[in-house]
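What follows is a set of notes on a single structure, which appears directly below.
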Amino acid sequence: MTPRLMPHAALTAIIALALGACKTNSSGPPNILYGQDVCADCGMIISDEHFAAAIAETDDGAGPALIFDDIGCMLAYQKEHEVNPKRQRYVHDYASGAWINAESAFLIKSDSIATPMASGLIAFRQRALAQVALRDAAQHPQTYSELLTPPDAERPASTSSKR
Ligand SMILES: [Zn+2]
């Protein structure tokens with residue numbers, strides 16, 4: 001099978017399209033200048049990528065990307081501000097230091113790790129690593145959604161002991 005040559009015009013159109021798509025691509029984690037950029041919630045300088053989190057800019061570019069020094073700051077910001085749920089949220093994989101989608105991350109609250117704003121929250125791409133880092137088999141890693149809206153967190157104790 002011999003590949004057919006694509007007409008030159010069509011090829012340049014595709015390349016232009018691809019470049020354009022790259023340029024206007026609003027999804028994807030923002031670039032953080034560590035040691036310079038400040039947290040959108042607490043105003044502190046973001047210095048450690050392991051704990052940094054971000055909310056992507058809006059599709060139309062009207063809302064700039066929001067960056068945070070601590071996953072706890074992103075949670076606090078989302079609880080205080082209306083954020084379009086379609087905007088992608090990002091955290092760093094504590095193991096590799098890479099950006100990962102907050103929705104698919106396994107988060108734990110660690111007592112032994114000092115995060116910038118003391119939330120103790122770190123994220124992992126792999127559930128098994130998160131479980132190991134928890135160092136407590138009775139506890140389980142949580143998702144970002146669970147942390148944002150804890151299920152039945154405030155259930156009154158009185159309802160369970162009715163006799
Ligand atoms: Zn902060």
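Throughout, read-outs are computed from the coordinates displayed, never taken from laboratory work. Since the structure is predicted, the reported quantities are computational estimates derived from the model, not experimental observations. Cβ sites come from the backbone with ideal geometry, for glycine too, and all protein chains shown count toward neighbours.
Modelled label positions at Asp111 and Val38, each set 7 Å beyond Cα in the direction of Cβ, lie 3.5 nm from each other.
Ala133 sits among other residues whose Cβ lies under 13 Å from its own Cβ, and their net charge, with Lys and Arg +1 and Asp and Glu -1, is +1.
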